[in-house]
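Chemist: What follows is a single structure, and I will ask about it in a moment.
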C-alpha cells in the first residue's frame, strides 16, 4: 500500500515538472512566435523602434527608410516618415532634410493623423530656425485648415510672424481673433499684453491703456499683469502724470526686476521733488 502511494506521488511530481518545463519553453518561444506573426512592415518598424531606443540612429533610419520604400501602403509608412524627419531635425540637426520628410508625409498620406505633428514640426522649423516669417504664416494657416490641434497657439504664432515682419495692424488682428475665438486660452493674458504694446507702436495710447487695464482686471494673478502695471506706470510717467505713475510703481509687488522698479521709484521721487522746488 505504501509503495502504491509512493508511486502515485512520484508520478504526480513527474507530471508537475513536465508541465512546468512545457510552460517555461512556451514562454521562451512566445516572442519568437509573435515575431513570426508580424507582417514584414511591422517587423521593420519594430526593428527601427528598438534600434532608435538603443541610440543606433543610422541603423534605425535605414530600417524606417526600407519600410517606406518597400511597403508604402503599410499602416506604419506615414509614421516612419515622421520619425525620420525628427531624427534629422533633432539628432542630425539638418532641418532641410527634416522639412523634406515632413512635406513628403503630408503629400503621400494626406489623411494620416501624423500630418498634424508633421505640419507643426515643419512650421516650427520655418519660423524658429529658417526665420522665414512669410512662409511660416502659410504653414500655420495650413495647420488651422486641419480644424484640430491647438488653433489658439497657431493664431499666436501667426501674430508673432506678422509682428516680426513689422506688419503691426495684422499682428493685432490675429491676436484679436485669438481672444475672440478662444477667450479661455492660456495665451489670452499674453495676447492682451502684446496687443497693448502694438497699440502703443501704432500711436494709440488710449487703446493700449484699455488693453492693459483689461488684462489687469481679468487676470490679477497672471504674470503679465505685473508687466501691464509697469507699462501703464511708464505711460503715465511719459504723459507727466508723475504722482499717479509713482503710486502705480509703489503698488507693484513681486516684479521680476525689483532693482529696476526701485530705480524707477527713486527717479520719479527726485523728479517730483525737483518740480516742487521749481514752483
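The values are calculated or read from the model by the stated rules, or taken from the named source; none is laboratory data. For clarity, every value in this text was computed on a predicted model and none was experimentally measured. Note: ideal-geometry Cβ built from the backbone for every residue, glycine included; neighbour counts use all protein chains shown.
Chemist: Out of the range 78-103, which residues are without any contact (Cβ under 8 Å) to a residue 24 or more places away in the chain, in a helix (DSSP H, G or I) and over 10 Å from residue 68 (Cβ atoms)?
Modeler: 88, 90, 96, 97, 100, 102, 103
Chemist: Right, next: Tally up the residues in the range 53-65 that are in contact with a helix residue (DSSP H, G or I) (Cβ under 7 Å, 6 or more places away or on another chain) and farther than 16 Å from residue 108 by Cβ, please.
Modeler: Of the residues in that region, 5 qualify.
Chemist: For the range 135-152, does any single residue satisfy the condition of being in a helix (DSSP H, G or I), without any contact (Cβ under 8 Å) to a residue 40 or more places away in the chain and either assigned by TED's automatic domain parsing to the domain that holds residue 232 or under 22 Å from residue 226 (Cβ atoms) (or both)?
Modeler: no
Chemist: Looking at this structure, is residue 262 under 31 Å from the mean Cα position of the chain (by Cα) and surrounded by fewer than 14 Cβ atoms within 10 Å (Cβ to Cβ)?
Modeler: No.
Chemist: Can I ask one more? Scan the range 240-257 for residues that are assigned to a loop (DSSP other than H, G, I, E, B) and at negative phi and jot them down.
Modeler: Across the range 240-257, the qualifying residues are 241, 252, 253, 255, 256, 257.
Chemist: Tell me the residue from 171, 208 that is surrounded by 20 or more Cβ atoms within 10 Å (Cβ to Cβ) and under 24 Å from the mean Cα position of the chain (by Cα), please.
Modeler: 171
Chemist: Between 74, 21, 26, which is surrounded by 10 or more Cβ atoms within 10 Å (Cβ to Cβ), assigned by TED's automatic domain parsing to the domain that holds residue 95 and either at pLDDT 95 or above or over 37 Å from the mean Cα position of the chain (by Cα) (or both)?
Modeler: None of the other options fit; the residue is 74.
Chemist: Given the conditions (1) on the phi > 0 side of the Ramachandran plot; (2) outside any loop (DSSP other than H, G, I, E, B), report the number of the one that residue 166 does not fulfil.
Modeler: Evaluating residue 166 over (1) on the phi > 0 side of the Ramachandran plot; (2) outside any loop (DSSP other than H, G, I, E, B) leaves (2) as the failure.
Chemist: Checking the conditions here, which among 117, 186, 110, 220 is part of a loop (DSSP other than H, G, I, E, B) and assigned by TED's automatic domain parsing to the domain that holds residue 93?
Modeler: When all the criteria are applied, what remains is 110.
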